[in-house]
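The structure appears below as C-alpha coordinates.
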Amino acid sequence: MRKRSGILQETSDTDRLTAHGQRIRKSGALGKSLQINRLFDLLLERSLAGTAAKEIDIAQNVFGRSTDVDLAADATVRVYAHRLRKKLDAVPADEQGERLILPRGEYRLVVVPADAEAGDHGDDPVMERPHRRAWRWLAAAVAFLALNLLCWFWFANEPSRDPRLDTIFWKGLANDRTPALIVSGDYYVFGEQGPNGAIQRMIADPAITSSEDLTQYKMHTPGADKAYVDMNAYHLPEGLASALASIAPIVTAARSGKANPPRSITISRFTNDMLTSQDIVYVGLLSTLRELQEPLFSLSGFSLSASSDTLVDRASGHRFQSDWADPSRTGILRRDYAYLARLPGPSGNQILVIAGTRDPALVEAAQIASDKAELSRLQARLGKGEAFEALYEVRTFGPSNISRQLLIARPLHVDRMWPARKDAPVRADMSERAQ
(Lines give C-alpha, C1' and ligand atoms only; values in the text may rest on other atoms or scores of the structure.)
Protein backbone atom coordinates (compact mmCIF):
# COMPACT_ATOMS: atom_id res chain seq x y z
CA MET A 1 0.00 0.00 0.00
CA ARG A 2 1.23 3.48 -0.74
CA LYS A 3 -0.14 6.95 -0.07
CA ARG A 4 -0.23 9.78 -2.58
CA SER A 5 -1.66 13.24 -1.80
CA GLY A 6 -3.59 11.80 1.14
CA ILE A 7 -5.53 9.31 -1.06
CA LEU A 8 -4.79 5.61 -0.68
CA GLN A 9 -3.74 3.78 -3.84
CA GLU A 10 -3.77 -0.03 -3.98
CA THR A 11 -5.08 -2.92 -6.05
CA SER A 12 -8.11 -3.45 -3.78
CA ASP A 13 -9.62 -0.04 -4.49
CA THR A 14 -12.66 -1.65 -6.09
CA ASP A 15 -13.40 -3.81 -3.04
CA ARG A 16 -12.96 -0.88 -0.68
CA LEU A 17 -15.17 1.38 -2.80
CA THR A 18 -17.84 -1.33 -2.84
CA ALA A 19 -17.66 -1.78 0.92
CA HIS A 20 -17.89 1.95 1.57
CA GLY A 21 -20.75 2.31 -0.89
CA GLN A 22 -22.73 -0.41 0.91
CA ARG A 23 -21.98 1.18 4.30
CA ILE A 24 -23.18 4.59 3.12
CA ARG A 25 -26.43 3.19 1.75
CA LYS A 26 -27.18 1.19 4.91
CA SER A 27 -26.43 4.17 7.17
CA GLY A 28 -29.20 6.30 5.70
CA ALA A 29 -26.75 9.21 5.50
CA LEU A 30 -27.93 10.12 1.99
CA GLY A 31 -31.43 10.88 3.23
CA LYS A 32 -34.61 10.42 1.20
CA SER A 33 -33.76 12.66 -1.74
CA LEU A 34 -34.17 10.61 -4.92
CA GLN A 35 -31.75 12.85 -6.81
CA ILE A 36 -29.03 12.55 -4.16
CA ASN A 37 -29.33 8.74 -4.10
CA ARG A 38 -29.33 8.49 -7.90
CA LEU A 39 -26.29 10.77 -8.10
CA PHE A 40 -24.45 8.65 -5.52
CA ASP A 41 -25.26 5.43 -7.39
CA LEU A 42 -24.06 6.85 -10.71
CA LEU A 43 -20.80 8.17 -9.25
CA LEU A 44 -20.17 4.88 -7.46
CA GLU A 45 -20.80 2.92 -10.66
CA ARG A 46 -18.40 5.12 -12.66
CA SER A 47 -15.78 5.07 -9.90
CA LEU A 48 -15.88 1.26 -9.68
CA ALA A 49 -15.29 1.23 -13.44
CA GLY A 50 -12.22 3.43 -12.94
CA THR A 51 -13.65 6.51 -14.65
CA ALA A 52 -14.99 9.89 -13.58
CA ALA A 53 -18.48 10.91 -14.64
CA LYS A 54 -18.95 13.99 -16.78
CA GLU A 55 -21.32 16.78 -15.84
CA ILE A 56 -23.41 16.31 -18.99
CA ASP A 57 -23.63 12.59 -18.22
CA ILE A 58 -25.01 13.34 -14.76
CA ALA A 59 -27.38 16.00 -16.05
CA GLN A 60 -28.94 13.54 -18.49
CA ASN A 61 -28.96 10.32 -16.46
CA VAL A 62 -29.75 11.68 -13.00
CA PHE A 63 -31.79 14.82 -13.66
CA GLY A 64 -33.32 13.98 -17.03
CA ARG A 65 -31.88 17.00 -18.83
CA SER A 66 -31.80 17.08 -22.61
CA THR A 67 -28.64 16.75 -24.67
CA ASP A 68 -28.61 20.47 -25.40
CA VAL A 69 -28.73 21.59 -21.75
CA ASP A 70 -26.71 24.75 -21.04
CA LEU A 71 -24.52 23.64 -18.13
CA ALA A 72 -23.15 27.13 -17.65
CA ALA A 73 -26.65 28.37 -16.82
CA ASP A 74 -28.07 25.22 -15.21
CA ALA A 75 -26.24 24.63 -11.92
CA THR A 76 -28.34 21.64 -10.83
CA VAL A 77 -25.54 19.10 -11.09
CA ARG A 78 -23.09 21.29 -9.18
CA VAL A 79 -25.65 22.06 -6.49
CA TYR A 80 -26.46 18.42 -5.86
CA ALA A 81 -22.81 17.41 -6.02
CA HIS A 82 -22.11 19.91 -3.26
CA ARG A 83 -24.97 18.52 -1.16
CA LEU A 84 -23.75 14.97 -1.67
CA ARG A 85 -20.23 16.05 -0.71
CA LYS A 86 -21.53 17.50 2.56
CA LYS A 87 -23.50 14.34 3.36
CA LEU A 88 -20.45 12.14 2.75
CA ASP A 89 -18.27 14.46 4.85
CA ALA A 90 -20.71 14.01 7.74
CA VAL A 91 -20.30 10.21 7.77
CA PRO A 92 -17.75 9.03 10.37
CA ALA A 93 -14.75 6.91 9.43
CA ASP A 94 -15.00 3.11 9.33
CA GLU A 95 -13.11 0.64 11.52
CA GLN A 96 -9.99 1.06 9.34
CA GLY A 97 -10.08 4.83 9.80
CA GLU A 98 -11.10 5.52 6.21
CA ARG A 99 -13.88 7.60 4.68
CA LEU A 100 -15.57 7.91 1.31
CA ILE A 101 -15.45 11.39 -0.23
CA LEU A 102 -16.39 13.28 -3.37
CA PRO A 103 -13.33 15.44 -4.12
CA ARG A 104 -14.06 19.05 -4.89
CA GLY A 105 -14.18 19.77 -8.62
CA GLU A 106 -14.47 16.07 -9.56
CA TYR A 107 -17.27 13.62 -10.21
CA ARG A 108 -15.80 10.44 -8.76
CA LEU A 109 -15.78 8.80 -5.34
CA VAL A 110 -12.50 7.98 -3.57
CA VAL A 111 -11.45 6.54 -0.23
CA VAL A 112 -9.24 8.63 2.04
CA PRO A 113 -7.80 8.23 5.53
CA ALA A 114 -9.93 9.87 8.22
CA ASP A 115 -7.18 12.32 9.15
CA ALA A 116 -6.69 13.60 5.58
CA GLU A 117 -6.09 17.34 5.58
CA ALA A 118 -8.59 19.83 4.17
CA GLY A 119 -6.33 20.23 1.13
CA ASP A 120 -7.34 16.75 -0.02
CA HIS A 121 -10.85 18.11 -0.50
CA GLY A 122 -10.00 21.43 -2.06
CA ASP A 123 -11.19 24.52 -0.28
CA ASP A 124 -14.78 23.38 0.31
CA PRO A 125 -16.13 25.43 3.22
CA VAL A 126 -17.53 22.26 4.79
CA MET A 127 -13.98 21.07 5.33
CA GLU A 128 -12.64 24.30 6.76
CA ARG A 129 -10.39 23.86 9.74
CA PRO A 130 -12.28 24.32 13.01
CA HIS A 131 -10.29 27.29 14.25
CA ARG A 132 -11.02 29.26 11.08
CA ARG A 133 -14.75 28.59 11.33
CA ALA A 134 -14.70 29.37 15.06
CA TRP A 135 -13.17 32.79 14.34
CA ARG A 136 -15.82 33.46 11.70
CA TRP A 137 -18.60 32.65 14.18
CA LEU A 138 -16.97 34.80 16.82
CA ALA A 139 -16.56 37.69 14.38
CA ALA A 140 -20.19 37.42 13.29
CA ALA A 141 -21.39 37.37 16.90
CA VAL A 142 -19.25 40.37 17.84
CA ALA A 143 -20.46 42.28 14.79
CA PHE A 144 -24.06 41.43 15.63
CA LEU A 145 -23.78 42.68 19.23
CA ALA A 146 -21.78 45.78 18.30
CA LEU A 147 -24.28 46.67 15.60
CA ASN A 148 -27.18 46.46 18.04
CA LEU A 149 -25.45 48.63 20.61
CA LEU A 150 -24.46 51.20 17.98
CA CYS A 151 -27.94 51.44 16.49
CA TRP A 152 -29.72 51.67 19.84
CA PHE A 153 -27.35 54.38 21.05
CA TRP A 154 -27.24 56.43 17.86
CA PHE A 155 -30.91 56.43 16.95
CA ALA A 156 -32.67 56.18 20.31
CA ASN A 157 -33.22 59.93 20.60
CA GLU A 158 -33.35 60.81 16.91
CA PRO A 159 -36.08 63.49 16.68
CA SER A 160 -36.79 63.47 12.91
CA ARG A 161 -39.19 60.92 11.46
CA ASP A 162 -37.71 58.41 9.05
CA PRO A 163 -39.65 58.80 5.75
CA ARG A 164 -39.36 55.07 5.10
CA LEU A 165 -41.87 54.49 7.90
CA ASP A 166 -44.58 55.82 5.58
CA THR A 167 -43.94 53.19 2.90
CA ILE A 168 -45.99 50.05 2.32
CA PHE A 169 -43.53 47.77 4.12
CA TRP A 170 -43.05 49.76 7.33
CA LYS A 171 -46.45 51.46 7.47
CA GLY A 172 -48.02 51.36 10.92
CA LEU A 173 -44.91 50.27 12.80
CA ALA A 174 -44.26 53.76 14.15
CA ASN A 175 -47.86 54.18 15.32
CA ASP A 176 -48.10 50.87 17.09
CA ARG A 177 -47.92 50.54 20.87
CA THR A 178 -46.99 46.87 20.59
CA PRO A 179 -43.33 46.18 21.50
CA ALA A 180 -41.06 45.55 18.50
CA LEU A 181 -38.70 42.61 18.28
CA ILE A 182 -35.93 42.13 15.69
CA VAL A 183 -35.49 38.38 15.20
CA SER A 184 -32.20 37.31 13.62
CA GLY A 185 -32.05 33.95 11.87
CA ASP A 186 -29.40 31.61 13.27
CA TYR A 187 -28.97 27.86 12.89
CA TYR A 188 -27.78 24.98 15.03
CA VAL A 189 -24.35 23.40 14.52
CA PHE A 190 -22.79 20.38 16.20
CA GLY A 191 -19.31 18.94 16.40
CA GLU A 192 -17.70 15.89 14.85
CA GLN A 193 -15.00 14.15 16.86
CA GLY A 194 -11.74 13.02 15.31
CA PRO A 195 -9.95 9.76 16.19
CA ASN A 196 -8.29 11.44 19.18
CA GLY A 197 -11.60 12.70 20.57
CA ALA A 198 -10.98 16.33 19.59
CA ILE A 199 -13.59 18.27 17.62
CA GLN A 200 -12.27 18.34 14.06
CA ARG A 201 -15.10 20.26 12.40
CA MET A 202 -18.55 21.74 12.89
CA ILE A 203 -21.60 20.55 10.93
CA ALA A 204 -24.86 22.29 10.00
CA ASP A 205 -27.67 19.99 8.83
CA PRO A 206 -31.11 21.39 7.86
CA ALA A 207 -32.69 18.24 9.31
CA ILE A 208 -31.02 18.73 12.71
CA THR A 209 -32.00 22.09 14.19
CA SER A 210 -31.57 21.55 17.92
CA SER A 211 -29.91 19.46 20.62
CA GLU A 212 -33.08 17.38 20.79
CA ASP A 213 -32.91 16.63 17.05
CA LEU A 214 -29.28 15.57 17.39
CA THR A 215 -30.15 13.28 20.29
CA GLN A 216 -32.84 11.59 18.20
CA TYR A 217 -30.47 11.26 15.24
CA LYS A 218 -27.80 9.65 17.43
CA MET A 219 -30.32 7.21 18.87
CA HIS A 220 -31.34 5.95 15.42
CA THR A 221 -28.01 6.12 13.54
CA PRO A 222 -25.34 3.49 14.26
CA GLY A 223 -22.02 5.07 15.23
CA ALA A 224 -23.41 8.59 15.46
CA ASP A 225 -23.38 8.61 19.27
CA LYS A 226 -19.58 8.45 19.33
CA ALA A 227 -19.03 10.60 16.27
CA TYR A 228 -21.13 13.68 16.99
CA VAL A 229 -21.15 16.01 19.97
CA ASP A 230 -23.76 18.56 21.02
CA MET A 231 -21.93 21.85 21.65
CA ASN A 232 -25.09 23.94 22.10
CA ALA A 233 -23.75 26.21 19.36
CA TYR A 234 -25.53 28.32 16.76
CA HIS A 235 -24.16 29.96 13.64
CA LEU A 236 -25.06 33.38 12.26
CA PRO A 237 -25.21 33.83 8.47
CA GLU A 238 -22.40 35.90 7.01
CA GLY A 239 -24.84 38.37 5.46
CA LEU A 240 -26.67 39.06 8.73
CA ALA A 241 -24.46 41.88 10.02
CA SER A 242 -24.82 43.86 6.79
CA ALA A 243 -28.58 43.23 6.71
CA LEU A 244 -29.02 44.40 10.31
CA ALA A 245 -27.02 47.53 9.56
CA SER A 246 -29.71 48.45 7.02
CA ILE A 247 -32.75 47.43 9.07
CA ALA A 248 -32.04 48.22 12.72
CA PRO A 249 -32.01 52.05 12.32
CA ILE A 250 -35.51 51.98 10.77
CA VAL A 251 -36.98 49.85 13.56
CA THR A 252 -35.27 52.03 16.16
CA ALA A 253 -36.61 55.19 14.52
CA ALA A 254 -40.11 53.68 14.59
CA ARG A 255 -39.84 53.29 18.35
CA SER A 256 -38.12 56.61 19.05
CA GLY A 257 -39.64 58.30 22.10
CA LYS A 258 -41.81 55.31 22.99
CA ALA A 259 -41.87 53.54 26.32
CA ASN A 260 -41.02 50.18 24.74
CA PRO A 261 -37.75 50.42 22.77
CA PRO A 262 -37.11 47.61 20.27
CA ARG A 263 -35.33 44.47 21.40
CA SER A 264 -33.41 41.84 19.47
CA ILE A 265 -33.21 38.08 19.76
CA THR A 266 -32.08 35.13 17.65
CA ILE A 267 -34.63 32.74 16.19
CA SER A 268 -33.21 29.86 18.27
CA ARG A 269 -34.47 31.68 21.39
CA PHE A 270 -37.78 32.75 19.90
CA THR A 271 -40.96 31.46 21.56
CA ASN A 272 -44.59 31.25 20.48
CA ASP A 273 -45.54 33.77 23.17
CA MET A 274 -43.44 36.37 21.37
CA LEU A 275 -45.42 35.71 18.19
CA THR A 276 -48.60 37.01 19.80
CA SER A 277 -47.28 39.80 22.01
CA GLN A 278 -44.88 41.78 19.80
CA ASP A 279 -44.36 43.17 16.32
CA ILE A 280 -41.86 40.83 14.66
CA VAL A 281 -39.18 41.95 12.20
CA TYR A 282 -37.42 38.81 10.97
CA VAL A 283 -34.02 39.24 9.30
CA GLY A 284 -32.31 36.09 8.07
CA LEU A 285 -32.34 33.19 5.63
CA LEU A 286 -35.52 31.42 4.60
CA SER A 287 -34.00 28.22 5.96
CA THR A 288 -33.95 29.60 9.52
CA LEU A 289 -37.53 30.85 9.86
CA ARG A 290 -38.35 28.01 12.28
CA GLU A 291 -41.53 29.01 14.22
CA LEU A 292 -42.31 31.69 11.64
CA GLN A 293 -42.23 29.33 8.66
CA GLU A 294 -45.63 27.71 9.15
CA PRO A 295 -47.70 30.92 9.48
CA LEU A 296 -45.83 32.54 6.59
CA PHE A 297 -46.09 29.69 4.10
CA SER A 298 -49.65 28.82 5.05
CA LEU A 299 -50.49 32.23 3.61
CA SER A 300 -47.81 32.62 0.94
CA GLY A 301 -48.26 31.82 -2.74
CA PHE A 302 -44.92 29.99 -2.55
CA SER A 303 -43.82 26.71 -1.04
CA LEU A 304 -40.28 26.23 0.25
CA SER A 305 -38.20 23.21 -0.73
CA ALA A 306 -36.74 20.92 1.94
CA SER A 307 -33.28 22.27 1.13
CA SER A 308 -34.61 25.86 1.53
CA ASP A 309 -32.80 26.99 -1.62
CA THR A 310 -35.87 26.90 -3.87
CA LEU A 311 -39.18 28.76 -3.81
CA VAL A 312 -41.95 27.16 -5.88
CA ASP A 313 -44.85 29.29 -7.07
CA ARG A 314 -47.96 27.29 -6.18
CA ALA A 315 -50.08 28.69 -9.03
CA SER A 316 -47.67 28.22 -11.93
CA GLY A 317 -45.31 25.58 -10.55
CA HIS A 318 -42.34 27.77 -11.53
CA ARG A 319 -39.22 27.09 -9.45
CA PHE A 320 -36.94 29.87 -8.27
CA GLN A 321 -33.74 28.06 -7.26
CA SER A 322 -30.64 29.73 -5.90
CA ASP A 323 -27.40 28.42 -7.37
CA TRP A 324 -25.36 29.80 -4.49
CA ALA A 325 -25.35 26.44 -2.69
CA ASP A 326 -22.36 25.28 -4.75
CA PRO A 327 -19.31 27.49 -4.08
CA SER A 328 -17.13 25.73 -6.65
CA ARG A 329 -17.50 28.45 -9.30
CA THR A 330 -17.07 31.94 -7.89
CA GLY A 331 -16.14 33.82 -11.05
CA ILE A 332 -19.46 33.44 -12.87
CA LEU A 333 -22.83 35.14 -12.88
CA ARG A 334 -25.12 33.46 -10.41
CA ARG A 335 -28.61 34.08 -9.08
CA ASP A 336 -30.12 34.26 -5.63
CA TYR A 337 -33.60 35.26 -4.43
CA ALA A 338 -34.59 38.01 -2.01
CA TYR A 339 -37.95 37.85 -0.29
CA LEU A 340 -40.05 40.43 1.57
CA ALA A 341 -43.40 39.88 3.26
CA ARG A 342 -45.74 41.74 5.55
CA LEU A 343 -48.58 39.88 7.26
CA PRO A 344 -50.70 40.15 10.39
CA GLY A 345 -49.87 38.30 13.59
CA PRO A 346 -52.41 36.37 15.66
CA SER A 347 -53.25 39.29 17.98
CA GLY A 348 -53.36 42.10 15.45
CA ASN A 349 -49.59 42.62 15.62
CA GLN A 350 -47.37 42.77 12.54
CA ILE A 351 -44.89 40.28 11.12
CA LEU A 352 -42.31 41.63 8.68
CA VAL A 353 -40.02 39.19 6.88
CA ILE A 354 -36.74 40.25 5.27
CA ALA A 355 -35.05 37.14 3.94
CA GLY A 356 -33.01 35.49 1.23
CA THR A 357 -32.38 31.99 0.00
CA ARG A 358 -28.65 32.62 0.57
CA ASP A 359 -26.46 35.38 2.03
CA PRO A 360 -26.23 37.61 -1.09
CA ALA A 361 -30.02 37.75 -1.32
CA LEU A 362 -30.36 38.41 2.41
CA VAL A 363 -28.12 41.46 2.06
CA GLU A 364 -30.10 42.61 -0.98
CA ALA A 365 -33.45 42.06 0.75
CA ALA A 366 -32.36 44.37 3.57
CA GLN A 367 -31.25 47.00 1.07
CA ILE A 368 -34.62 46.82 -0.68
CA ALA A 369 -36.46 47.14 2.63
CA SER A 370 -34.40 50.22 3.51
CA ASP A 371 -34.67 51.90 0.08
CA LYS A 372 -37.59 54.36 0.04
CA ALA A 373 -37.58 54.68 -3.74
CA GLU A 374 -37.71 50.90 -4.23
CA LEU A 375 -40.48 50.54 -1.65
CA SER A 376 -42.44 53.27 -3.44
CA ARG A 377 -42.13 51.34 -6.72
CA LEU A 378 -43.29 48.22 -4.90
CA GLN A 379 -46.31 50.07 -3.52
CA ALA A 380 -47.20 51.36 -6.98
CA ARG A 381 -47.28 47.79 -8.23
CA LEU A 382 -49.26 46.40 -5.28
CA GLY A 383 -51.77 49.18 -4.85
CA LYS A 384 -53.55 49.64 -1.53
CA GLY A 385 -52.96 46.19 -0.06
CA GLU A 386 -51.52 45.97 3.44
CA ALA A 387 -50.44 42.32 3.56
CA PHE A 388 -48.20 41.23 0.69
CA GLU A 389 -45.14 39.33 -0.45
CA ALA A 390 -42.51 40.16 -3.05
CA LEU A 391 -39.77 38.12 -4.70
CA TYR A 392 -36.66 39.59 -6.33
CA GLU A 393 -34.03 37.85 -8.42
CA VAL A 394 -30.55 38.95 -7.38
CA ARG A 395 -27.70 38.52 -9.89
CA THR A 396 -24.21 38.31 -8.52
CA PHE A 397 -20.68 38.13 -9.86
CA GLY A 398 -18.10 36.78 -7.46
CA PRO A 399 -18.74 38.37 -4.05
CA SER A 400 -20.72 41.32 -5.40
CA ASN A 401 -24.43 41.83 -6.09
CA ILE A 402 -24.72 43.50 -9.49
CA SER A 403 -28.46 43.71 -10.16
CA ARG A 404 -31.92 42.90 -8.88
CA GLN A 405 -35.27 42.44 -10.58
CA LEU A 406 -38.74 42.31 -9.06
CA LEU A 407 -40.32 39.07 -10.26
CA ILE A 408 -43.51 38.71 -8.22
CA ALA A 409 -45.43 41.13 -5.98
CA ARG A 410 -48.87 40.14 -4.78
CA PRO A 411 -51.28 40.73 -1.93
CA LEU A 412 -51.77 38.10 0.75
CA HIS A 413 -55.39 37.33 1.56
CA VAL A 414 -55.47 37.02 5.31
CA ASP A 415 -59.10 36.15 6.05
CA ARG A 416 -59.35 33.47 8.74
CA MET A 417 -55.57 33.09 8.88
CA TRP A 418 -55.57 32.95 12.68
CA PRO A 419 -58.25 31.52 15.00
CA ALA A 420 -60.51 34.25 16.36
CA ARG A 421 -59.46 35.69 19.72
CA LYS A 422 -61.90 37.66 21.83
CA ASP A 423 -59.09 39.69 23.36
CA ALA A 424 -57.36 40.48 20.05
CA PRO A 425 -57.34 44.21 19.27
CA VAL A 426 -58.56 45.29 15.86
CA ARG A 427 -55.85 46.96 13.80
CA ALA A 428 -57.24 49.20 11.09
CA ASP A 429 -54.19 48.97 8.84
CA MET A 430 -54.10 45.16 8.82
CA SER A 431 -57.74 44.20 9.38
CA GLU A 432 -59.08 44.77 5.91
CA ARG A 433 -58.53 42.12 3.28
CA ALA A 434 -55.78 42.96 0.78
CA GLN A 435 -57.28 44.06 -2.48
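The values are calculated or read from the model by the stated rules, or taken from the named source; none is laboratory data. All of these numbers come straight from a predicted model, not from anything done at the bench. Every residue, glycine as well, gets a Cβ built from its backbone with ideal geometry; the counts of neighbours run over all protein chains shown. What goes into the accessible areas is simple: the full protein's heavy atoms, side chains included, and nothing from ligands, DNA or RNA. Shrake-Rupley method; radii C 1.70, N 1.55, O 1.52, S 1.80 Å.
Please sort by residue number the trypsin sites (Lys or Arg not before Pro) in the range 241-296 whose DSSP state is loop and whose Cβ has at most 11 other Cβ atoms within 10 Å. Present the calculation step by step, with values, prior to reporting the outcome.
Numbers: sites: ARG255, LYS258, ARG263, ARG269, ARG290; in loops: ARG255, LYS258.
Here no loop site has a sparse enough neighbourhood.
Compute the FRET efficiency between HIS220 and GLN60 as 1/(1 + (r/R0)^6), taking r as their Cβ-Cβ distance and R0 = 60 Å, and round to the nearest 0.05.
After rounding, the FRET efficiency stands at 0.95.
Of all GluC sites (Glu not before Pro) in the range 78-118, which ones are in loop regions per DSSP and have a Cβ with at most 16 other Cβ atoms within 10 Å?
Sparse-neighbourhood loop GluC sites (Glu not before Pro): GLU95, GLU106, GLU117.
Over the range 217-287, average the accessible area per residue using a 1.4 Å probe and give it in Å², no decimals.
Values: 3070 Å² over 71 residues.
Accessible area per residue, the range 217-287: 43 Å².
How compact is the range 12-94 by the rule of thumb for globular proteins, expressed as Cα Rg over 2.2 N^0.38 Å?
1.13
Of the heavy-atom accessible surface of the range 239-379 (probe 1.4 angstrom), what whole percent is carbon and sulfur? Write out the running numbers ahead of the final one.
Working: 2180 of 4580 Å².
Roughly 48 percent of what the probe reaches on the range 239-379 is carbon or sulfur.
With labels modelled as points extended 7 Å from the Cα through the Cβ direction, what inter-label distance (nm, one decimal) is found for ALA380 paired with ASP230?
Between ALA380 and ASP230, the simple spin-label model gives 5.4 nm.
Can you bin the range 334-387 into rounded, prolate or oblate? Criterion: square roots of the alpha carbon gyration tensor eigenvalues sorted a ≥ b ≥ c, rounded for a/c under 1.5, prolate for a/b above b/c, oblate for the rest. Write out the running numbers ahead of the final one.
Working: a/c = 2.39, a/b = 1.34, b/c = 1.78.
Since a/c reaches 1.5 but b/c is at least a/b, the shape of the range 334-387 is classed as oblate.
Using alpha carbon centroids, what distance separates the range 298-312 and the range 23-68, in Å?
25 Å
Given a Förster radius of 45 Å and the C-beta distance between SER400 and ARG38 as r, what FRET efficiency does 1/(1 + (r/R0)^6) yield to the nearest 0.05?
The computed FRET efficiency comes out at 0.80.
When the convex hull of the C-alpha atoms of the range 255-388 is computed, what volume per residue in Å³ does it have?
152 Å³
For LYS372 and ALA52 in the same chain, what is the full-extension length gain: residue separation times 0.36 nm, less their Cα-Cα distance, in nm?
Extra length available between LYS372 and ALA52 comes to 110.0 nm.
Using the Cα centre as the reference, give the magnitude of the dipole from point charges on the C-beta atoms of the range 224-336 (Lys, Arg: +1; Asp, Glu: -1; all else neutral), rounded to the nearest 20 debye.
280 debye
Between SER303 and GLU95, take the C-beta separation as r, use R0 = 41 Å, and let me know the FRET efficiency to the nearest 0.05. Don't skip to the end; give the middle numbers.
Numbers: r = 43 Å, r/R0 = 1.04.
The formula returns an efficiency of 0.45 here.
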